[in-house]
Amino acid sequence: MTLKSTRHLLRFISFLFLISLLISACGTTFPESEFSSNPQQNRANSTLTTYPLGAALNLQPTPERLTEEQYRTMDRPDDVDGYQIHFIYSIPSDGKDDLLDVNGKIALSAAAMNYWLENTTGRRLRYDTYNGELDISFMQIDATAEEIYALGTDVLSLMEYEVKSRGFNTDHKLYVVHYDGFFATQEGFCGLASYPPEGAGITAVLLLRGYNPNLDLTCPRQFTQSEDFTGYFEMTILHELLHLMGMVPSCASHYSDGHVSDSSQDLLYFQYDGSYSPLYTYLDLHNDDYYNHGNPECPDLARSIFLDPPPSNAELPPNWDVSSTFVPQNPLDLQTH
């Protein structure tokens, strides 16, 4: 072998070694299978205890992510004062990070949700913004997807605990958590939130990888592609947000366990299917249950303090003092014991 050939061989070996280092650092895995069917969504109350807010502040180190985009694990300074809604993208410790907080998916989804609400009622929800952009935080849970879905509906208590123990400002905000970890339940949940009259919480959870093993169906992982179109995820999380705002109150004409019973196409029907076209979805059919019903003695979405701008007679959700100041015990700790 000539000296020139030897040099070429050494360069080739060095190149292969470099490639092997890059491959081992990337740790690429295959995404989980995704289906397009629509299981019925269900909800559950979170079980709150008298665990004092901030007593176990759980400030996690900022995780490293494969993105050059700026992201935050905490609430940033608000553009405006007042009551508002904050969005969070969350994954388990072994989850696939799709960067939904920085790639525009959640921001566009939130905009579409407000677009539908404004076209339906003339009002919008007040979102938490920073420098004019939707403020979205990233939250990685210190537990595997398997440990989390073993909690069942207590995943709602887990997210409530995480939000309140990590230092997020909870005295004037509601939180929407887009949880992007595999989550199997017999019921096939896609969204969760506590609802009145017993429910007390500030956190709604959208299960982006929810799965029903009985029917072999998953929640449709389909974000809107346009601000003027609301799809399954947008209508599902809006349903859960209205629960956090106190809808449907027990004084409503067609009240049924935190929901309405007079139309299966009402946004707050118990088994509302978010795949309905938004053109055929009602926000309080006949305005006699939870929106603009005219009864001053009964909570009304039209008077919610989370609207933008807030109405002159704005009102807080029922049990707000409890919802905003107490934390559920970490269900992962109970699971371990």
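The values are calculated or read from the model by the stated rules, or taken from the named source; none is laboratory data. Quantities reported herein were computed from a predicted structural model and do not represent experimental measurements. When we count neighbours, we look across all protein chains shown, and the Cβ atoms used for this are built from the backbone with ideal geometry, even at glycine.
Tabulated data
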{"item": "Filter result for residue 308 (closer than 15 Å to residue 117 by Cβ, free of Cβ contacts under 8 Å to residues at least 24 places away in the same chain and within 23 Å of the chain's Cα centre (by Cα))", "result": "no"}
{"item": "Complete set of residues in the stretch 122-139 that are over 17 Å from residue 245 (Cβ atoms) and crowded, with 19+ Cβ neighbours inside 10 Å", "result": "134, 135, 136, 137, 138, 139"}
{"item": "Selected residue [over 25 Å from residue 136 (Cβ atoms) and touching a residue at least 24 places away in the same chain (Cβ under 8 Å)] from 248, 177, 205", "result": "248"}
{"item": "Index of the failed condition, residue 230 passing every other in (1) touching a Phe, Trp or Tyr at 6+ places or on another chain (Cβ under 7 Å); (2) closer than 24 Å to residue 95 by Cα", "result": "(2)"}
{"item": "Every residue from the stretch 182-224 that is over 25 Å from residue 320 (Cα atoms) and more than 18 Å from the chain's Cα centre (by Cα)", "result": "186, 187, 212, 213, 214, 215, 216, 217"}
{"item": "Residue satisfying all of: in the stretch 130-144; touching a strand residue (DSSP E or B) at 6+ places or on another chain (Cβ under 8 Å) and either β-branched (Val, Ile, Thr) or at pLDDT below 95 (or both); farthest from residue 103 (Cα to Cα) among these", "result": "141"}
{"item": "Unmet criterion (only one of (1) touching a helix residue (DSSP H, G or I) at 6+ places or on another chain (Cβ under 7 Å); (2) under 27 Å from residue 78 (Cα atoms)) for residue 240", "result": "(1)"}
{"item": "The one condition in (1) more than 21 Å from the chain's Cα centre (by Cα); (2) over 25 Å from residue 127 (Cα atoms) that residue 279 fails to fulfil", "result": "(2)"}
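Every residue, every condition in (1) assigned to a strand (DSSP E or B); (2) surrounded by 14 or more Cβ atoms within 10 Å (Cβ to Cβ); (3) small (Gly, Ala, Ser); (4) in contact (Cβ under 8 Å) with a residue 40 or more places away in the chain, yes or no:
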{"residue": "67", "(1), (2), (3), (4)": "no, no, no, no"}
{"residue": "70", "(1), (2), (3), (4)": "no, no, no, no"}
{"residue": "86", "(1), (2), (3), (4)": "yes, yes, no, yes"}
{"residue": "90", "(1), (2), (3), (4)": "yes, yes, yes, yes"}
{"residue": "93", "(1), (2), (3), (4)": "no, yes, yes, yes"}
{"residue": "102", "(1), (2), (3), (4)": "no, yes, no, no"}
{"residue": "107", "(1), (2), (3), (4)": "no, yes, yes, no"}
